[in-house]
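The values are calculated or read from the model by the stated rules, or taken from the named source; none is laboratory data. A quick note: this is a predicted structure, and the numbers were derived from the prediction, not measured. Every residue, glycine among them, receives a Cβ derived from its backbone with ideal geometry; neighbour counts consider all protein chains shown.
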Amino acid sequence: MNINKVNSLKIKQWHHLIKKGNKQNIISFASGRPESKISSIAHKKLVQITKKIINYKNIFDYSSASGIPSLKQEVLKKFVDVSNIDVLITNGAQQAIKLSIDALIPLKGKIIIPNPTYLGIELPLITKKANIFPLSLHTLSKQQLEKAIKNIRPHLLYVIPDFSNPDGKTLSLEKRKLLAFLAKKYHFFIIEDQTYRFLNYQSSLLPSIQSFDKKSTISIGTISKIIAPGLRIGWINASHSLIEKLTLYKEAEDLFTPSLNQLIVAEFLKDSKNFKNHQKKIKKLYQKRLALLLKLLKQYLSNKFTWENPKGGFYVWIQGSKKFKSQQYLHKALKNNVAFIPGHIFYYKNPQYNNFRLSISALSKSQIKKGVKKLTKIIMEKNKIP
């Protein structure tokens, strides 16, 4: 079967699992959406802001394709660690990814992606008929990575450096510097997806890849995980010349991001004290949930499985023996009202089947406790687990 048909089926399976997980009676470790309690933290402030700005003159008129200046300024202040950089406001991070792919690689162009990685990168690449080269960026040595890039000669490289989806890993400082150096040397662009960057719980943030090379690096961000996903506000940070090019693609796609949504988010970010308090609250909640999940995994699964302990984000990537196949346990898990994502879904080529992803974003602590107990019983029953 054609690999793109295989991946289309895989994407359908992913959507099916997310849809199943969104049902009320399901304990969903599958979803990466923020749980309603998290969204409610920002709700009161967002309502106040909306009431305040709803009568602004021209709020329902056309707007600039690159974004409202006040929001762009706040994005630069709150989320960017590089000077002399420009901003394009987008309808979420997913549009930012698509615009970057459309603008920066030709039809059938070459792109390097991590293996495994965020599944949402695949559809824009498939529609572009891109040649996709999955690489294990964390495990390759400096020499191996440079050799691979030299042989492939990519137009683009995509990476989530901080608390990655799906495996929760953080790219080392050494690798960040190396990727920036190689982008200059071999003349390719880097999409640095910062969706989870500001959900750091136990550590200070490493410098962005863009801080080592702002000419070749496009950084992508979003408020979806930290304020509210329904507002659909994301952004691209890049050099002025790149933003000019990307803005033309944005205009062709949808003209501009809704003005009302942009102004709401700009006002929310402008109140720095409130935003800092908001960040502290959501980080505290997520950190407690992640710590609980890791504690329960150690209690129930440490003799048969391994995992890294992420210092931020939503995800724990669990690996079993080579004989373990997570897909075999999915149907029974769903019948018992527990959802998770089998690991093979996150590989473009050469999938591994002995792993799975658990997410804490949409669950309360009581649901995490109940869900881990159910899941453990299912996968360990009758000593079937290899």
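Looking across segment 27-44, the residues that are polar (S, T, N, Q) and assigned to a helix (DSSP H, G or I) come down to Ser36, Ser39, Ser40. Scanning segment 124-148 for residues that are touching a Leu at 6+ places or on another chain (Cβ under 8 Å), part of a helix (DSSP H, G or I) and charged (D, E, K, R) yields Lys142, Glu146.
Quick one: which residue in Ala96, Ala103 is among the small types (Gly, Ala, Ser), buried (at least 20 other Cβ atoms within 10 Å of the Cβ) and in contact (Cβ under 8 Å) with a residue 12 or more places away in the chain?
Matching residue, one of Ala96, Ala103: Ala96.
Looking across Lys349, Lys335, one residue alone is over 22 Å from Ser302 (Cα atoms), within 25 Å of the chain's Cα centre (by Cα) and modelled with pLDDT under 95. It is Lys349.
Taking segment 104-135 as the range and being more than 23 Å from Phe356 (Cα to Cα), touching a strand residue (DSSP E or B) at 6+ places or on another chain (Cβ under 9 Å) and of a type outside the set (Val, Ile, Thr) as the test, the residues that pass are Leu104, Lys108, Gly109, Lys110, Leu125, Lys128, Ala130, Asn131.
Scanning segment 335-375 for residues that are part of a helix (DSSP H, G or I) and surrounded by 19 or more Cβ atoms within 10 Å (Cβ to Cβ) turns up Gly343, His344, Ile345, Phe346, Ile368, Gly371, Val372, Leu375.
In segment 44-90, which residue that is of a type in the set (Asp, Glu) and closer than 25 Å to Asn277 by Cα is nearest to the chain's Cα centre (by Cα)? It would help to see each step written out before you state the result.
Start the filter on segment 44-90 by keeping residues that are of a type in the set (Asp, Glu), which leaves 61, 74, 81, 86.
Then drop every residue that is not closer than 25 Å to Asn277 by Cα, which leaves 74, 81.
Details: Glu74: 21, Asp81: 19 Å.
Among them, the one singled out is Asp81.
Thr195 meets each of the listed conditions (1) closer than 27 Å to Asp61 by Cα; (2) of a type in the set (S, T, N, Q); (3) not in a helix (DSSP H, G or I) apart from (1).
Can you go through Tyr196, Tyr186 and tell me which one is surrounded by 15 or more Cβ atoms within 10 Å (Cβ to Cβ), farther than 20 Å from Asn237 by Cβ and at pLDDT 95 or above? Explain how you work it out, then say what you get.
Values: Tyr196 fails: farther than 20 Å from Asn237 by Cβ.
It is Tyr186.
Out of the residues in segment 331-343 that are touching a residue at least 24 places away in the same chain (Cβ under 8 Å) and either of a type in the set (A, V, I, L, M) or out of contact with any Lys or Arg (no Cβ under 8 Å at 6 or more places or on another chain) (or both), which is farthest from Ser31 (Cα to Cα)? Restricting to residues being touching a residue at least 24 places away in the same chain (Cβ under 8 Å) and either of a type in the set (A, V, I, L, M) or out of contact with any Lys or Arg (no Cβ under 8 Å at 6 or more places or on another chain) (or both), the top hit is Lys332. Restricting Tyr249, Tyr300 to residues that are surrounded by 17 or more Cβ atoms within 10 Å (Cβ to Cβ) and not assigned by TED's automatic domain parsing to the domain that holds Phe324 narrows the list to Tyr249.
Just the residues that are in a helix (DSSP H, G or I), more than 18 Å from Leu179 (Cβ to Cβ) and at pLDDT 95 or above, please, taken from segment 102-123. Quick ask: steps written out before the conclusion?
Our first condition is that a residue be in a helix (DSSP H, G or I); within segment 102-123, this holds for 102-104, 119-123.
Still in the list and also more than 18 Å from Leu179 (Cβ to Cβ): 102-103, 119-120, 122-123.
Once the filter is applied, which keeps residues that are in a helix (DSSP H, G or I), more than 18 Å from Leu179 (Cβ to Cβ) and at pLDDT 95 or above, segment 102-123 yields Asp102, Ala103.
Within segment 199-210, is there a residue that is outside the structural domain of Arg33 (by TED's automatic domain parsing), in a loop (DSSP other than H, G, I, E, B), buried (at least 24 other Cβ atoms within 10 Å of the Cβ) and touching a residue at least 40 places away in the same chain (Cβ under 8 Å)? No, the conditions are met nowhere in segment 199-210.
For segment 162-183, taking the residues that are without any contact (Cβ under 8 Å) to a residue 40 or more places away in the chain and not hydrophobic (A, V, I, L, M, F, W, C), the one that is surrounded by the fewest Cβ atoms within 10 Å (Cβ to Cβ) is identified as Glu174. Among the listed residues Gln279, Gln262, identify the single one that is of a type in the set (S, T, N, Q), under 20 Å from the mean Cα position of the chain (by Cα) and not in a loop (DSSP other than H, G, I, E, B). The match here is Gln279.
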